[in-house]
Amino acid sequence: MAQLNMIKLGGSARNGERMASDRPLVKSAQRTVQLLEVLGASMTPLGMGEIHRVTGIPRSSLHELIRTLVAMHWIDSTHDGLAFSIGPNALLTGTSYLDADPTVTPAIRHLEALQAEVGYTSHFARLDGAHIIYLASKETPQKRHVTPRVGRRLLAVSTALGRALLAERTPAEVEAILAASVPAKSSPPNTPTSTDPSLLYAVLEEARAHGYATEREQVSPNIACVAATVPYRIPATDAISCSLPIEQGTPEELARVSRAIIAHCAELAEELKRAGVR
């Protein structure tokens, strides 16, 4: 359940960042979103007790909230009604976000071309507060055990995608993001070691110098990753990456793949600018 603790911390900070005014949040709406985020972060159905422990929502309110969301197909329940998971309406709403985003379709074309060129799974993601959200992926035909991540949200500091995007931020912006991305004490061992400021700033400085960012096994075991930003906005909000088997992630191979990524990022940025996407 360490993953849920980390999501809870990250989600709370992210929601706080989005509130520009001092007006209080609508508590029922806040609880609904919190519940959906917790269920969406779990790979298995969660019981009422576990949901209460993670969210802190009072049991009486939680029972009624779950009952309503199950009836509206935002939450599914197990056959015995004792555990709950994210429902089909969440998928439909998430898909509509991708359908409406003008960057996704051209990005997918470049992911396909990039994957064919370098032979590795490619990803397109966006910075969202202290996290990155995966908007598209193109797997290799060999399926080298890289989990599809469309719709997944990960801490920016732990991913090559996030590091590439953070490298374009000012020290003050990075400091604020870092403060919001400290994982729970019980987080899995592969969650970022670079939340230490000195380590993170060294990683970001290296990314600036090279023009791309890397990570090794901090998101998935036996996987290395290299990423660069799509420069149609300043600072960039989106990035493209490739995932490599760790044994193939030599400095020379990462540099080769990074050159291909940077070229596709530049071409995609020009396409988006010509289409008026800002």
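At-a-glance table
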read-out	value
Scope segment 94-129; condition hydroxyl-bearing (S, T, Y) and either in the same structural domain as A176 (by TED's automatic domain parsing) or within 17 Å of the chain's Cα centre (by Cα) (or both); matching residues	T95, Y97, T103, T105, Y120, T121, S122
Residues located in segment 22-46, provided they are of a type in the set (A, V, I, L, M) and closer than 16 Å to D76 by Cα	V33, L35, L36, V38, L39, A41, M43, L46
Hey, I51 buried (at least 17 other Cβ atoms within 10 Å of the Cβ), closer than 18 Å to L91 by Cα and modelled with pLDDT of 95 or more or not	no
Qualifying position, being within 21 Å of R152 (Cα to Cα) and surrounded by 14 or more Cβ atoms within 10 Å (Cβ to Cβ), among P45, P88	P45
Residues (over 16 Å from S243 (Cα atoms) and in contact (Cβ under 8 Å) with a residue 40 or more places away in the chain) located in segment 99-115	P102, T103, P106, A107
Residues (over 16 Å from K138 (Cβ atoms) and either small (G, A, S) or outside the structural domain of H110 (by TED's automatic domain parsing) (or both)) located in segment 229-262	A236, G249, A255, S258
Residues of segment 199-216 classified as outside any helix (DSSP H, G or I), at negative phi and surrounded by fewer than 21 Cβ atoms within 10 Å (Cβ to Cβ), total	1
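The values are calculated or read from the model by the stated rules, or taken from the named source; none is laboratory data. These figures come from a predicted structure and were not determined experimentally. Reconstructed Cβ throughout: ideal geometry from the backbone, glycine too, with neighbour counts over all protein chains shown.
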